[in-house]
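Q: Just dropping this structure here.
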Amino acid sequence: MNMSKNTSSSHEYVVILAGGSGTRLWPRSRDNSPKQFLTIVGQKTMLQRTADRALTLVDWDHIIIITNAAHKKMVMAQLPEVVEHNIILEPEKRDTALAMLVGAIYARNLDPQAVIMNSASDHFVVDSDLPEFARTMRKACRMAAEGDNLVTVGIAPRGPETGFGYIKVGEQVDNDKKLPVFRVDSFTEKPNLATATAFIATGRYFWNANMYVWSAEALVQAFAKHAPKILAAAQPLVGASAKEFARQLTSVYAASPAISIDYAISEKADNLLLIPGNFAWSDVGDWKVAYELGKKDAADNVCNLSGKCELVTHEARANLVTGSGERLLALVGVDNLVVVDTPDILLIAQKSRSQEVKKIVEQLKKNKRQEYL
């Protein structure tokens, strides 16, 4: 793909968050190979697609990746061009608040004027919409660089989805009709169906896509005001060399609570702005979304097979079939199923209940069946 980089500012960085576990995409997504390292949609892994998006905005030396310490080799294998010391290895999971703060401090150590675009490694943007994505993120960078604004890119709801948080916007703060900027009025985390439907009817709500943009300094100041205990725990990272930064991470993570950026900062901040993202975006969070993004055959089935796996169907429609073994898979007279066949696990689920796959993972954890996790 021909990537058009933004060279207008040397202060812009992309922080890729690649530390998630992806339990709703089990059994392909597992502890030793979570979803960001898998080819869920198309021929590239989710991490590689995220890097492609980042490269429309910055060069490799301004891409920072935050991932689990056990996954460094996978990051290096899938992104051989990444600058090795820009891979931040989390010693344990502490959710997005600490991860984003750590990324901001690292970037500020490199450049006190750093402006950071945060990008989740399990998100999907249609290739044809990458120019619009880049245009939106660049405007968000300009708004973030102008003062102490914290900026988020919101997605216009395509329906009353209950799996996302919703952001209500207030007044518009500029006169741009193509890429307007609004003050954020409030957050609502994962409403029920009736509430989500009512939100959409007002035209004032956007999905929270966690696409935050801010100057590193503004984020540090936001933590000082709203989450000072987390900032205090991260203080040994400030001004540290790359080697010392890596050495301090274990104690920093041990001293910090696990909390999302939304709860720690966004819901409390009074300087948060939103720019609507007019590009095709998806959070590839479960098998139903993977089906929606996949290439359909004549019977609306989506097949993602590797190795020697084969599929034969008879009067089977709108199913998602993923296979990575050596078996022949056959479907007869079934519709709207998810079938995921791995060498040691077979998952069959109703597509509409894909999010409940995580319930199986919870049972396995409770029963200490680590070999299946």
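Q: Out of (1) modelled with pLDDT of 95 or more; (2) in contact with a His (Cβ under 8 Å, 6 or more places away or on another chain), the odd one out for E315 is which?
A: If we test E315 against (1) modelled with pLDDT of 95 or more; (2) in contact with a His (Cβ under 8 Å, 6 or more places away or on another chain), just (2) comes out false.
Q: Restricting the search to region 286-311, which residues are of a type in the set (G, A, S) and assigned to a loop (DSSP other than H, G, I, E, B)?
A: Residues of region 286-311 that are of a type in the set (G, A, S), as a first pass: 290, 294, 298-299, 306-307.
Scanning region 286-311 gives G294, A298, A299, S306, G307.
Q: Which of the residues belonging to region 200-240 are aliphatic (A, V, I, L, M) and more than 30 Å from T162 (Cα to Cα)?
A: Passing the criteria: A216, A218, V220, A224, L231, A232, A233, A234, L237, V238, A240.
Q: Considering only region 270-285, how many residues are surrounded by fewer than 23 Cβ atoms within 10 Å (Cβ to Cβ), at pLDDT 90 or above and in a loop (DSSP other than H, G, I, E, B)?
A: 5
Q: Among (1) without any contact (Cβ under 8 Å) to a residue 60 or more places away in the chain; (2) more than 19 Å from G285 (Cβ to Cβ), which single condition is K44 missing?
A: With (1) without any contact (Cβ under 8 Å) to a residue 60 or more places away in the chain; (2) more than 19 Å from G285 (Cβ to Cβ) applied to K44, the lone miss is (2).
Q: Given the conditions (1) outside any helix (DSSP H, G or I); (2) open to solvent by less than 10 Å² (accessible area, probe 1.4 Å); (3) hydroxyl-bearing (S, T, Y), and given that T136 satisfies all but one, which numbered condition is not satisfied?
A: (1)
Q: On to the next question. Which of the residues belonging to region 315-333 are over 20 Å from L25 (Cβ atoms), in a loop (DSSP other than H, G, I, E, B) and among the hydrophobic types (A, V, I, L, M, F, W, C)?
A: A316 - this is the single residue of region 315-333 that is over 20 Å from L25 (Cβ atoms), in a loop (DSSP other than H, G, I, E, B) and among the hydrophobic types (A, V, I, L, M, F, W, C).
Q: Sort out which residues of region 31-68 are open to solvent by 40 Å² or more (accessible area, probe 1.4 Å) and in contact with a helix residue (DSSP H, G or I) (Cβ under 7 Å, 6 or more places away or on another chain), and write them in order of number.
A: Of everything in region 31-68, just one residue is open to solvent by 40 Å² or more (accessible area, probe 1.4 Å) and in contact with a helix residue (DSSP H, G or I) (Cβ under 7 Å, 6 or more places away or on another chain), namely Q48.
Q: Then there's this: Confirm whether A218 is exposed (fewer than 13 other Cβ atoms within 10 Å of the Cβ), in a helix (DSSP H, G or I) and either out of contact with any Ser or Thr (no Cβ under 6 Å at 6 or more places or on another chain) or charged (D, E, K, R) (or both).
A: no
Yes or no, residue by residue, for (1) in contact (Cβ under 8 Å) with a residue 12 or more places away in the chain; (2) open to solvent by less than 20 Å² (accessible area, probe 1.4 Å):
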| position | (1), (2) |
| --- | --- |
| Y205 | yes, no |
| A209 | yes, yes |
| A224 | no, no |
| L237 | yes, yes |
| A242 | yes, no |
| A246 | yes, no |
| D297 | no, no |
| V302 | yes, yes |
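Q: Something else: Quick test of your reading of the structure: A194 fulfils all but one of (1) of a type in the set (A, V, I, L, M, F, W, C); (2) assigned to a loop (DSSP other than H, G, I, E, B); (3) more than 30 Å from P131 (Cβ to Cβ). Name the failing condition by number.
A: Only one criterion in (1) of a type in the set (A, V, I, L, M, F, W, C); (2) assigned to a loop (DSSP other than H, G, I, E, B); (3) more than 30 Å from P131 (Cβ to Cβ) is unmet by A194, namely (2).
Q: Given the structure, is R142 under 20 Å from the mean Cα position of the chain (by Cα) and open to solvent by 50 Å² or more (accessible area, probe 1.4 Å)?
A: Here the answer is no, as R142 does not meet what is asked.
Q: From the list K366, K358, pick out the single residue that is farther than 22 Å from A298 by Cβ and free of Cβ contacts under 8 Å to residues at least 24 places away in the same chain.
A: K366
Q: For P112, only one of the following conditions fails: (1) open to solvent by less than 40 Å² (accessible area, probe 1.4 Å); (2) within 17 Å of F245 (Cβ to Cβ); (3) not hydroxyl-bearing (S, T, Y). What is its number?
A: Result: P112 fails condition (1) only.
Q: Return yes or no: is T162 hydroxyl-bearing (S, T, Y) and either in a loop (DSSP other than H, G, I, E, B) or modelled with pLDDT under 95 (or both)?
A: Working: hydroxyl-bearing (S, T, Y): yes; either in a loop (DSSP other than H, G, I, E, B) or modelled with pLDDT under 95 (or both): yes.
Criteria met by T162.
Q: Just to be sure before I move on: is I40 part of a strand (DSSP E or B), out of contact with any His (no Cβ under 7 Å at 6 or more places or on another chain) and not hydroxyl-bearing (S, T, Y) in the structure I sent? Reasoning before the result, please.
A: Numbers: part of a strand (DSSP E or B): no; out of contact with any His (no Cβ under 7 Å at 6 or more places or on another chain): yes; not hydroxyl-bearing (S, T, Y): yes.
Taking the combined requirement at face value, the residue does not satisfy it.
Q: Can you pull out every residue in region 5-30 that is crowded, with 23+ Cβ neighbours inside 10 Å, more than 30 Å from L320 (Cβ to Cβ) and either more than 13 Å from the chain's Cα centre (by Cα) or charged (D, E, K, R) (or both)?
A: E12, Y13
Q: Sort out which residues of region 76-109 are surrounded by fewer than 21 Cβ atoms within 10 Å (Cβ to Cβ), among the aliphatic types (A, V, I, L, M) and in a helix (DSSP H, G or I), and write them in order of number.
A: Correct list: M76, A77.
Q: Cβ-Cβ distance below 8 Å, separation of 6 or more or different chains: which pairs start in region 261-276 with a residue that is under 20 Å from M137 (Cβ atoms) and among the acidic types (D, E) and end on one that is modelled with pLDDT under 95 and assigned to a loop (DSSP other than H, G, I, E, B)?
A: Qualifying pairs under 8 Å: D262/G165; D262/E189.
The values are calculated or read from the model by the stated rules, or taken from the named source; none is laboratory data. Everything quoted here is computed from the prediction, not taken from an experiment. A quick note on method: Cβ atoms are made from the backbone with ideal geometry, for glycine too, and the neighbour counts reach across all protein chains shown. Remember, those area values only see protein heavy atoms, side chains included, never the ligands or the DNA or RNA. Shrake-Rupley method; radii C 1.70, N 1.55, O 1.52, S 1.80 Å.
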